[in-house]
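In what follows, a structure is listed as structure tokens, so that the remarks can point back to it.
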Amino acid sequence: MNELTYDRLRRRQWLAGEARADGVDRRTLLRMLAAAGVVAAPALLPPTRAVAATAAAAGGTAPAAPGPVPGIVKPLPAEWFVPRGTNAEMRWDAVPGTGLHTPNERFFVRNHTATPLIEQASWRLRVHGSGLRGGGAEFSLADLHRLPSHRLSALVECAGNGRSFYASQQGQAVPGTPWTLGGVGSAEWRGVRLGDLLRRAGLTHGAVDVMPSGLDAEYRGADGVSLGRVRRPLPIGKAVDDVLVAYAMNGAPLPADHGAPARLVVPGWVGIASIKWLGEIEVSDQPLYSPWNTDFYRLFGPDHPEGGSAPLTTQVVKSAFELGRGAVLAPDRVHRLEGRSWSGTAPVREVEVSTDGGQVWRRARLRDVPRRHGWTRWSLDWRPAAPGPYELLARATDRAGHTQPDTAVFNREGYLFGAVVRHPVTVG
């Protein structure tokens, strides 16, 4: 069964009341659907026993680090990050020279609540459910390290990356974190293939859904209803294909803000699928759902089906300049414009750049061999004709034939903005 057919089936079953809820009843979900996208600041609830060992001094809640974003542990220097609520966005003018992989200390942070500090020695990953033979299995971090390890070079990107441009470029206001293009990062992940882990736990041919859950604090919506811990099902076909249970990032143990002791990495898909701080994985022989694939992370609006689209999976094509918005460039010289393009569907095929607001396009030079699940660096030399304001544009096309459009189709939550972004600079 392909993913589109699968998602249609799951959605029909959910609407008919045949899919099993996980922690929230269907009536509550339907009621909250009317307010989807309107989310209050999350409440921190007592963490699990695994978190409590290092959180006890904070009164039983996940500790909030000092600094511009409470709840994020690592330092957030202003020259590297822009604070965004509970999140931290990477600055593109800090990207030059960082290489293909984003250094751990510069990787963007997307938190629903706060980063938990989990005692690694006592941490366990529980795998259970009706899609397994027997009672399932439990794995310690040492168990994962003893299993065959694999490396995966892949981007992680928030589904709302680029959200602010719905308003600034298209005049369409949307709620949520106002990311520009810095809600993305690339890393080399190391860990155990999820498919291998599921087979060791007793995977059966009847399994249809895999639901990973995180160990961060429970999340509350605007009406105060607890939605439980962050969790989102994957179809079994994706789960056993290329998904990694990662315990290392760029050659080092996972940092706390990025999912330690272990996280999921789901290449090509929206970041919510790559659950951090894994605590359990349910494998089911019937479709599952959670607020993160029913209320959230679907497309709602006049150009989408009534009741919303299928749950979001792959990311769209994007491009970004390695340059600050509003940068001032020296006159009477050649400037090497550099940037990166990426797609969740296929490797990048070509990148075009315009330095006059889109009237004339020139093909950029690709600096990397394009590859799946990663970005491609590019450059183009430009000598401005005269001092003054300019508008730079970059648009990419991937090998599946997807090209960045001039405008993005609106959706109520501001997901998947893939249109060409207008980048203002001044010469002189």
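What the table shows:
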{"quantity": "Segment 274-342 - percent relative contact order, Cα under 8 Å, separation 6 or more", "calculated": "23 percent"}
{"quantity": "Positive-end extreme of charge dipole, segment 283-328 - chosen from Val316, Trp292, Ala327 (charges on Cβ)", "calculated": "Ala327"}
{"quantity": "Calculated P(r) tail over 19 Å for segment 87-219, as whole % of Cα pairs", "calculated": "67 percent"}
{"quantity": "Asp332 accessible area, assembled protein chains, probe 1.4 Å, Å²", "calculated": "130 Å²"}
{"quantity": "Charge dipole (debye, nearest 20) of segment 197-347; +1 at Cβ of Lys and Arg, -1 at Cβ of Asp and Glu", "calculated": "420 debye"}
{"quantity": "Accessible-area value, Arg333, 1.4 Å probe, nucleic acids and ligands omitted, Å²", "calculated": "120 Å²"}
{"quantity": "In range of the label at Val328: residues from segment 398-428 whose backbone nitrogen is under 20 Å from the point 7 Å along Cα→Cβ", "calculated": "423-428"}
{"quantity": "Taking all pairs of distinct alpha-carbon atoms in segment 169-285, Kirkwood radius in angstrom", "calculated": "15.7 Å"}
{"quantity": "Carbon + sulfur, % of accessible area of segment 128-182 - ligands and nucleic acids excluded, 1.4 Å", "calculated": "51 percent"}
{"quantity": "Segment 137-261: relative contact order as a whole-number percent, Cα under 8 Å and 6+ apart", "calculated": "25 percent"}
{"quantity": "Solvent-accessible surface ranking, highest first, for Asp242, Asp285, Asp257 at 1.4 angstrom", "calculated": "Asp285, Asp242, Asp257"}
{"quantity": "Relative contact order [Cα under 8 Å, 6+ residues apart], segment 305-428, whole percent", "calculated": "32 percent"}
{"quantity": "Cα centre as origin, Lys/Arg/Asp/Glu Cβ charges: segment 281-371 dipole, Debye", "calculated": "660 debye"}
{"quantity": "Segment 228-271, accessible area per residue, ligands and nucleic acids excluded (1.4 Å, Å²)", "calculated": "19 Å²"}
{"quantity": "Alpha-carbon radius of gyration plus Dmax, which is the widest Cα pair, for segment 145-225 in Å", "calculated": "18.7, 53"}
{"quantity": "Proximal aspartates and glutamates relative to Lys238, as straight alpha-carbon distance under 19 Å, when same-chain residues fewer than 8 apart are discounted", "calculated": "Glu3, Asp7, Glu157, Asp196, Asp209, Glu280, Glu282, Asp285"}
{"quantity": "Under 18 Å from Lys74, Cα to Cα: lysines that are on another chain or at least 8 residues apart", "calculated": "Lys276"}
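The values are calculated or read from the model by the stated rules, or taken from the named source; none is laboratory data. Computed from a prediction, not measured in an experiment: that's the story for all the values here. Reconstructed Cβ throughout: ideal geometry from the backbone, glycine too, with neighbour counts over all protein chains shown. Note: areas computed on protein heavy atoms with side chains; ligands, DNA, RNA excluded. Shrake-Rupley method; radii C 1.70, N 1.55, O 1.52, S 1.80 Å.
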